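Single-structure report; data block below.
The values are calculated or read from the model by the stated rules, or taken from the named source; none is laboratory data. Keep in mind it's a predicted model, so treat the numbers as computed, not measured. FYI the Cβ positions are ideal-geometry reconstructions off the backbone, even for glycines, and counts take in every protein chain you see. Calculation scope for accessible area: heavy atoms of the full protein, side chains included, ligands and nucleic acids excluded. Shrake-Rupley method; radii C 1.70, N 1.55, O 1.52, S 1.80 Å.
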Amino acid sequence: LTLNMAKVLLLLLLSCLIRDSVSVPSIPMPVNENARNLQAQINTAIASNANKFTIPSGSYIFSNNTFSIKNARNLVIITESMEQLLSDPPSNPGVTFWFYYGFGVQFINCVNVTFAGPLTVDYDPPNYAQGVFVQNTADPKTFVAAFDTRYLLPDTNVAPYNSPGGLSGAKVAFWDPATRELMQFVHENDDGTGNQFMANSSHINTLESSDVWSITLRRPVMGNPIKNNTLVTIFPRRGITWNMQNCSDMTTQRVILHAGGNMGFFESLGGSNSYVNVAIARPSADYPFLADRLMAMNADGFHSSDVGKGPQLINSEISFTGDDFLNIHNKMMVVCGRADESTIAVIDMSAGALKELYPGQNMSFYGLKSLEELGAYTVHSSHLVGSTTPLDKNIAAGCSDAYQKMTSPPYNAKFVIGPFPSAGRTFLINFTMEVSPLVSNKSWQFNLANDDAHSAANALVHGNYFHDGFSRMGLLKAPKLTYTNNIVERARGIHVYSEPVWLEGALDIRDSFVANNIVNNDLMGAIDVMKGLKNITCRNNTFTEWGKSHTLASTCS
């Protein structure tokens, strides 16, 4: 054990010396003057209704602060490059934003704003632990690894690993040192080695170094990581790197994310946003800061939730993500009671979509277990349930323990997500006509509702390169979605379905088109389409698995 550790530590030390290592600060880097000035300047530009704003070339250290763009209208934001860098995506842009773990860029309540790079967004230190596997132990759940001290260290006694986020905690993965790909895509029989979870860790005081750790997983170690000094990553989840909240008609161009503590490009509410020539990618070999990184994002690459018109993601690259490449969906709402023959109580599971209900809007209802449509109705009025009237108090009481009741007999619903709140999120919605008793009655209180105005319909995903992910290639959970001419490699399948266990996805997925995509080593070999969906077209999608190729001319499976 001591000899193996010494060899690995020596290799790490020599590697650090050769690469001109930058030591990781124990606290976030201080915010620099560039970042402070930029935040003040963008605030002034928005307040004065400017139509153009230029970000000068330079390094902007925001550290543990968010760079916020709020209430902007009809504004073009461009970056000034040190040279004409028009490659798509840019490999060496002249503007770099630096953040500490969990922080990033946020747009709030913006309309018709274009952000045109080139811009690089990065983190110091990177948002995960990276090291070299040393050996197994007598405990099948525990192994020893030596971690590079320029990254986060996987200490479960302190932040962020004492509260790592996610459903199961910090995710552990093993990588092939020769190809620098996840082991599950290098060795056909190592399936699953990209999704393991840390239970706890302990520091090993060897050779007066602080980078050797004993890592215990929640389950026995999968795969065979002892081979060839397998590389190891362990990452938590917190924050969003490029976050759009209730923004519409936005355009993001030539922005590259080299790291992120959770999701990369994320949008919620609003809609009709475009992302063109953007990227989530590991730094290139000539990048001046830690170009040997294995990961580029700790969770989903691109995630769209509860927008009106769906997003456009075009000619972009998303890679080395700790979860799904792509997830486009709305949230299923939970029916939890009725006040009268035309008034239904609904829990808003989104970030606030039901606050935007308007008279004349349609809402459709579906069976909790069957997912069959129970009826569609037109909204007359709605209000947030409070505590001032007897009716509101009664409805609030009946919906307060919805999760517990729904996961118990006779409903027996299965959810991956934990108990969901109803306080401050329950709405009484009055419709223009009587609602079928099947939607909610005394013997069957709970069902699901679809907010048709926030279903992300008409999304376009075209001409992108998705590769090297821990989870699924694409979750196409919206109606009228077009997914064409993409190249997708090394992940776990393209799926056209809704996921009630997450309460995610439109309940009326239909009229989607999946065509002319090239898919390599997806571990599935087909487009996965939920039974019963209407008018889902799959055409000329070519799959290659472990060297064997086949084309699905016209069918989904």
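A few points about this structure:
- Of residues in region 73-127 being hydrophobic (A, V, I, L, M, F, W, C) and part of a loop (DSSP other than H, G, I, E, B), the one modelled with the highest pLDDT: Cys110
- Residue match in region 467-482 (condition: surrounded by fewer than 24 Cβ atoms within 10 Å (Cβ to Cβ) and closer than 24 Å to Ser370 by Cβ): yes
- Pairing residues of region 139-167 that are farther than 13 Å from Pro125 by Cβ and open to solvent by 20 Å² or more (accessible area, probe 1.4 Å) with residues that are in a loop (DSSP other than H, G, I, E, B) and among the charged types (D, E, K, R), at Cβ distances under 6 Å and at least 6 apart in sequence or on separate chains, gives Gly165/Arg237; Gly165/Arg238; Gly166/Arg237.
- Cβ-Cβ under 9 Å pairs, at least 6 apart or on other chains, region 439-450 side under 18 Å from Ser400 (Cβ atoms) and open to solvent by 40 Å² or more (accessible area, probe 1.4 Å), far side of a type in the set (Asp, Glu) and part of a loop (DSSP other than H, G, I, E, B): none
- Residue within region 437-447 that is out of contact with any Phe, Trp or Tyr (no Cβ under 7 Å at 6 or more places or on another chain) and at positive phi present: no
- Residue match in region 346-360 (condition: over 24 Å from the mean Cα position of the chain (by Cα) and small (Gly, Ala, Ser)): yes
- None of Gly301, Gly308 is under 30 Å from Gln253 (Cβ atoms) and open to solvent by less than 10 Å² (accessible area, probe 1.4 Å) except Gly301.
- Hits in region 475-502 - residues which are farther than 16 Å from Asp324 by Cβ, part of a loop (DSSP other than H, G, I, E, B) and not basic (Lys, Arg): Pro479, Asn485, Pro500
- Some residue of region 522-533 being in contact with a strand residue (DSSP E or B) (Cβ under 8 Å, 6 or more places away or on another chain), at pLDDT 95 or above and not in a loop (DSSP other than H, G, I, E, B): no
- Taking the numbered list (1) modelled with pLDDT under 95; (2) open to solvent by 50 Å² or more (accessible area, probe 1.4 Å); (3) hydroxyl-bearing (Ser, Thr, Tyr) in turn, Thr432 passes all entries but (1).
- If you go through region 110-138 and keep only what is of a type in the set (S, T, N, Q) and surrounded by fewer than 23 Cβ atoms within 10 Å (Cβ to Cβ), you end up with Asn112, Thr114, Gln135, Asn136, Thr137.
- Residue that is surrounded by the most Cβ atoms within 10 Å (Cβ to Cβ), among those in region 485-498 that are in contact with a His (Cβ under 8 Å, 6 or more places away or on another chain) and more than 18 Å from Gly301 (Cα to Cα): Ser498
- Yes/no for Ala402 being aliphatic (A, V, I, L, M) and without any contact (Cβ under 8 Å) to a residue 60 or more places away in the chain: no
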